[in-house]
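The values are calculated or read from the model by the stated rules, or taken from the named source; none is laboratory data. None of these values were measured; they are calculated from a predicted model. FYI the Cβ positions are ideal-geometry reconstructions off the backbone, even for glycines, and counts take in every protein chain you see. Calculation scope for accessible area: heavy atoms of the full protein, side chains included, ligands and nucleic acids excluded. Shrake-Rupley method; radii C 1.70, N 1.55, O 1.52, S 1.80 Å.
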Amino acid sequence: MTTIQDRPLPGLLPGLSVAYGRPHRDGAVLDLFTSWARRTPDAPALIDGGLTLSYAELDRLADAIAGQLAGRVRPGDLVGLCLDHSAALVAATLAVARIGAVHLPLGPRPGERRLRAVAEQLRPVCLIGDPALLPPAHRDGRHHPVTAPGATGIVAAFAESADGAGADGTEAVRAPRGTQYTVLTSGSTGLPKAVAVGQTALGALLTWYRELTGLGPGDRHSLLIGVSFDPHLMELWAGLTSGAALCVAPEAVRWDPAALTDWWRTAGITVGVLPTPLAEPVLDRPWPADLPLRHLTVGGDRLRRTPGPDVTATVHNAYGPAEATVTTTVHSMAPGVEHGAGAPPIGRPVPGAIVLVADENGRPLPRGEAGELRIGGQGLAIGYLDAGLTAERFVSAPDDLDGTDRVYRTGDRVLMRADGVLEFLGRLDDQVKVSGVRIEPAEVEAALERDPRVRRAAVVARPAPAGGAQLLAFAQPVTEGGRVDGAELLAAVRPWLPEQAVPSMLRLVDGFPLDANGKIDRAALLKAEEAETQQGADRSAGSGADGAATQTERTLLRICAGLLGRSDLHPSDNFLDAGGTSVTAARLLAALEEEFGVRLKAPVLLRQPDLRAVARLVDERRPGAAAG
């Protein structure tokens, strides 16, 4: 475990909110994988259902892909991976690192228009994925097939001309020297920001993580986190640099807590990572007996509960922005111990990290006072690929702060207790966390306003009934040209945004209330929406206007209304179109099992065209129960 060292700070008063992780140890990344491939060539490196690749086989596959890219991809070039968890993803990640290029994980479904905007903004030299899903410049460019077990139709697509310029003659963006990977975070301008993370920062993180979990040969580590979400990189590289086996999680377990714990058992997972929104329903359930899981790291959002005494794994509540290489602080909770009620703290800094709680001028506050968390030290990213954004968020450290010359302004409000442990209190700005992903409401507003039918848009966050936050969108339509349908607008905005940023509800408005400064009064919008929701609930309760024909339908509508924060649901509504997400789907599955004793699988649930079909399915699965 990390320990706090309260170093004397010249010119600063004792008892300030400053804490240091213990000295870090540097660690290799690619070289460690190569070493394991030579030392244990026959050991399993990747397990994906019935497919197993040894370290030697994965090494050869990565070499083959690197050979296909060599000559067209140079050190420092951006290579975007539009792939899901698979042998192709892991081998391509290794291949990009082997060339010295910079890995940009985009995931298999980044959204057509969003991907096009990223391609135009960053101009990656190469995109690897299904050519049908790539933006036009890459879809119509030169393709080289990427051959990997279990993958068909994957290509390395090049949009640039032979001299390295983009299709429109502009130069491709190159990452700073020493960059290992870049990841995208939400941007207030409507375009995502690209964070460049260095090789040394990632190597130090992996060294700490291997020490924390004891990860090594014979272990099996899950590969589950969404590919565009930066903890995925800790999962992937931790397995490959430790001699352990990476195990690809089936799609269904990302929606279903019961299926997830069953998979942990059957796959023999010993070390894993979960996003907070999935971890909470797992911890809400009785902990299954005989799980091999020893360590579970949870992160991405505020964890609102501690593990129960029946949990047999050590649970690590981790905190860290992408700008500080995945993890900055951690609070570890040993198994079989009562950890109290409520939200656990986010803990103490990992090795090499420096944290301070600052006032509005950037000076450390006394312990016990709330302020902005600022991060310095070894884990800091190099910066954004936009120098202006870097200067705005990566600022000079206080003169008397030892060990770092710059700090990252997180925008998170925290408090450092007298014992040096950090407690997370919330955000200082408009940024919100939805299903563990940081979202700028301004990015969603910009996406809506791209539609010619929308004059102006406003996006408001509110607490989700199932925990976390949900986004509500309000759009003022352009009146010329006829009627505008809110569902059509939501469907049109989806390709611009990651799944978590799609609003759960969209209301059309004639205009926006303004505050005293002439800005949109978002609090008034939210208050009016809540009043309308309550009126709708009262009307439905009084008139049976929800359209439910059976008791099962009525119960299902009640459950979904609570999960989605909507009172206007009808049996003909589709769960996902009504604002359902992977998190609320997981909670719906659990609620159906508790209410009806029926355990559905996530893919079966999501295939149903509407809630009436879900209710009918529940009735069919209830032994001896009659519909109605």
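Roughly how many debye, to the nearest 20, is the charge dipole of the chain about its Cα centre, given +1 on each Lys and Arg Cβ, -1 on each Asp and Glu Cβ, and no other charges? Each step should come with its number before you reach the end.
Values: 63 positive and 74 negative charges, 108 e Å.
Computed about the Cα centre, the dipole is about 520 debye.
Got a sec? Charge dipole of the chain, +1 on Cβ for Lys and Arg, -1 for Asp and Glu; which of Ala548, Pro398, Val454 is way out at the positive end?
Highest projection toward the positive end goes to Pro398.
Defining a contact as two alpha carbons under 8 Å apart and six or more residues distant in sequence, what relative contact order in percent does the chain show?
For the chain, the relative contact order is 12 percent.
Can you tell me the accessible area per residue over the chain, all protein chains present, probe 1.4 angstrom, in square angstrom?
With all protein chains present, the chain gives 40 Å² per residue.
Could you give me the percent of Cα pairs per 20 Å distance bin for the chain, shortest bin first, beginning at zero and ending with the bin that holds the maximum distance?
18, 52, 28, 1
With +1 on each Lys and Arg Cβ and -1 on each Asp and Glu Cβ, how big is the dipole of the range 5-155 about its Cα centre, in debye rounded to the nearest 20?
380 debye
Report, in whole Å, the centroid distance computed from the Cα atoms of the range 21-61 and the range 416-472.
Cα centroid of the range 21-61 versus Cα centroid of the range 416-472: 37 Å apart.
Would you work out which of Ala88, Gly107, Gln121 lies farthest towards the positive end of the dipole of the range 83-151? Charges go on Cβ: Lys and Arg +1, Asp and Glu -1.
Gln121
Net charge within 15 Å of Leu240 by Cβ-Cβ distance, Lys/Arg positive one each and Asp/Glu negative one each, not counting Leu240 itself?
Numbers: positive: Arg38, Arg39, Arg60, Arg98, Arg210, Arg220; negative: Asp31, Asp48, Glu57, Asp59, Asp63, Asp219, Glu235.
Neighbour charge sum, excluding Leu240 itself: -1.
Roughly speaking, what is the stretch gain from Ala56 to Ala549, that is 0.36 nm per residue apart minus the C-alpha to C-alpha distance, in nm to one decimal?
171.5 nm
Cα gyration tensor of the range 544-621, axes a ≥ b ≥ c as square roots of the eigenvalues: rounded (a/c below 1.5), prolate (a/b > b/c) or oblate?
The shape class here is rounded.
If you roll a 1.4 angstrom probe over the protein chains with everything in place, what fraction of the accessible area of the chain belongs to carbon and sulfur, to the nearest %? Could you put the intermediate results ahead of the total?
Values: 12470 of 25020 Å².
That share works out to 50 percent.
How many lysine pairs does the chain hold where the Cα atoms are under 29 Å apart and the two sit 8 or more places apart or on different chains? Intermediate values should be presented prior to the final figure.
Values: Lys193/Lys433; Lys193/Lys519; Lys433/Lys519; Lys433/Lys527; Lys433/Lys601; Lys519/Lys527.
Qualifying lysine pairs in the chain: 6.
Over what distance in Å are the Cα centres of the range 253-313 and the range 70-147 separated?
Centre-to-centre (Cα) distance: 32 Å.
So in the chain, what percent of DSSP beta bridges are antiparallel if you round to the nearest 5?
Once the DSSP bridges in the chain are tallied, antiparallel ones form about 70 percent.
Give the residue from Phe33, Tyr55, Gly21 lying farthest towards the positive end of the charge dipole for the range 18-59; charges sit on Cβ (+1 for Lys and Arg, -1 for Asp and Glu) and the dipole is referred to the Cα centre.
Working it through, the farthest residue towards the positive pole turns out to be Gly21.
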